[in-house]
Amino acid sequence: MTRGAGVAPIPRQRAPFWVFVTTIPLTLMVLMNLVAAWSTQGPGRAWWLAAVLVILAERAATFGFFIPTMLRLQRAASSAETAVRAGFARWTRLNWLRNLATLVAWLAVLKALSLR
């Protein structure tokens, strides 16, 4: 994408800051929840496991599609503007589904907590 005059270029980093602040901690929490949900007993267990499975699928989509696509779009930002816009539009549409999955997981875990 073309940048206006006087706009500084986006600095390149080895690993984006958000990887350490959100992606890694969230994934570790999901894995810890899988262990905790698997080892618990009671009426909320099935709802808790369902929530964890939904978020595991969301994490797989994040690592398999969303992160690589965003990094590719950031690298291509200065070249083919039309392709970048189309890629970003697709990423945005699919991100709504990812957010919906997260909402479903939140509702499932709230149901699990209400049964305790």
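The values are calculated or read from the model by the stated rules, or taken from the named source; none is laboratory data. Just so it is clear, the structure is predicted and the values come from calculations on it, not from any experiment. So basically every Cβ, Gly included, is an ideal-geometry build from the backbone, and we count neighbours across all protein chains shown.
Computed quantities for the displayed model
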read-out: Residue within the stretch 89-96 that is part of a helix (DSSP H, G or I) and closer than 18 Å to Thr27 by Cα present; value: yes
read-out: Subset of the stretch 15-71 that is of a type in the set (Gly, Ala, Ser), assigned to a loop (DSSP other than H, G, I, E, B) and closer than 30 Å to Arg116 by Cα - its residue that is farthest from the chain's Cα centre (by Cα); value: Gly42
read-out: Selection from the stretch 60-97 of residues that are modelled with pLDDT under 90 and either in contact with a Cys (Cβ under 9 Å, 6 or more places away or on another chain) or of a type in the set (Lys, Arg) (or both); value: Arg72, Arg75, Arg85
read-out: Single match in Thr22, Thr40, Thr62 (criterion: polar (S, T, N, Q) and either surrounded by 14 or more Cβ atoms within 10 Å (Cβ to Cβ) or touching a helix residue (DSSP H, G or I) at 6+ places or on another chain (Cβ under 6 Å) (or both)); value: Thr62
read-out: Residues being surrounded by 12 or more Cβ atoms within 10 Å (Cβ to Cβ) and either closer than 25 Å to Asn33 by Cβ or touching a Leu at 6+ places or on another chain (Cβ under 8 Å) (or both) - total across the stretch 71-99; value: 7
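A quick yes/no check of all residues on (1) under 19 Å from Ala46 (Cβ atoms); (2) in contact (Cβ under 8 Å) with a residue 60 or more places away in the chain; (3) not charged (D, E, K, R):
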| position | (1), (2), (3) |
| --- | --- |
| Phe63 | no, no, yes |
| Phe66 | no, no, yes |
| Met70 | no, no, yes |
| Leu73 | no, no, yes |
| Ala76 | no, no, yes |
| Ala83 | no, no, yes |
| Arg90 | no, no, no |
| Arg98 | no, no, no |
| Ala112 | yes, yes, yes |
